[in-house]
Amino acid sequence: MSGTGTITPYPGDLVAGAVAQISALIRESRLKPGDRLPSEAALTESLSVSRTVVREALRSLAAMRLIDLGAGKRPTVAELDDSSIAMTFRHGLFTHQIDIRQIYDARRTIEGRTATLAALLRTEKEADEILGFARAMQNRLDQPAVVMENDLALHLAIARASKNPVFALMIGAFQGVIVECWPIGWKVRATDHEREAMNRLHLDLAEAIAASDPQAASTIIDQHFDQSLRALARGGLT
């Protein structure tokens, strides 16, 4: 900063520089989710750039889900959001930089830990929520969309019950890819017996977490991913 209190303009690309300086402002001011940033006019003056540059920088930060923009309102610091990570995973998958097996391998590593932690740390409310999702999957063999919705919700609820928001972000981000391949895994399980077994495994997992049994939860999640990978392989996705 100069002696007049203005921020020295960032060399090179002005928008990228403004993004970096606004990000630094959030950190240095210790702003929390929901806190308001300075106005566009104030940022224009302090960054010594045009209002157009500031607006583009704010749009970039909003696209990265670091701030929230509202019409006619000052921008605010955003809550953590998995959408930008999800977009990266989808981009990597569709441009053949990563594949489904690699996604599932990462999921398996993370979810082995989240299942263990959830069994140790979950609240009664969280246990009931996880059980609710698992029970909602039962007897819905003619409604795969309902099964998928509750399947995804169950895995995310387990991640949240682990009390580690990084895990919840990662599991939420994976779901953008999982919805693309879940129907194939369901279709490959061509018999009612296979589909019932998949749904039952989710109920077993929920019951292990409710019973505060981390060993059982870890064993069941391994079984789940073994079966899922075999189904995806039969569907030609791995």
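We did not get these values from a lab; they are worked out from the coordinates using the rules stated. Note that this is a predicted model, so its numbers are computed, not measured. Reconstructed Cβ throughout: ideal geometry from the backbone, glycine too, with neighbour counts over all protein chains shown.
When each of the peptides 222-233, 111-122, 88-99 is scored by the mean number of other C-beta atoms lying within 10 Å of its residues, the order from highest to lowest reads 111-122, 222-233, 88-99.
How much of the pair distance distribution for the chain lies past 25 Å, counting alpha-carbon pairs only, in percent? Here the tail beyond 25 Å accounts for 53 percent of pairs.
The ranking of His193, His202 from fewest to most other beta carbons within 10 Å of each one's beta carbon is His193, His202. By the rule of a C-alpha distance below 20 Å, with chain neighbours fewer than 8 residues away ignored, the aspartates and glutamates paired with Lys73 are Asp35, Glu40, Glu45, Glu56. Net length available on complete extension from Ala42 to Leu121 is 24.0 nm, with 0.36 nm assigned per residue and the Cα-Cα distance removed. Give the cross-link partners of Lys125 among the lysines, using a straight C-alpha distance below 28 Å as the criterion and excluding same-chain residues fewer than 8 apart. By straight Cα distance, Lys125 reaches Lys32, Lys163.
Calculated mean residue ellipticity, 222 nm, the chain: -23000 deg cm²/dmol, from DSSP H runs (n ≥ 4) at -39500 (n - 2.57) each, averaged per residue and rounded to 500. Suppose we look only past 14 Å in the calculated P(r) of segment 14-77. What percent of the Cα-Cα pairs does that tail hold? That fraction is 49 percent.
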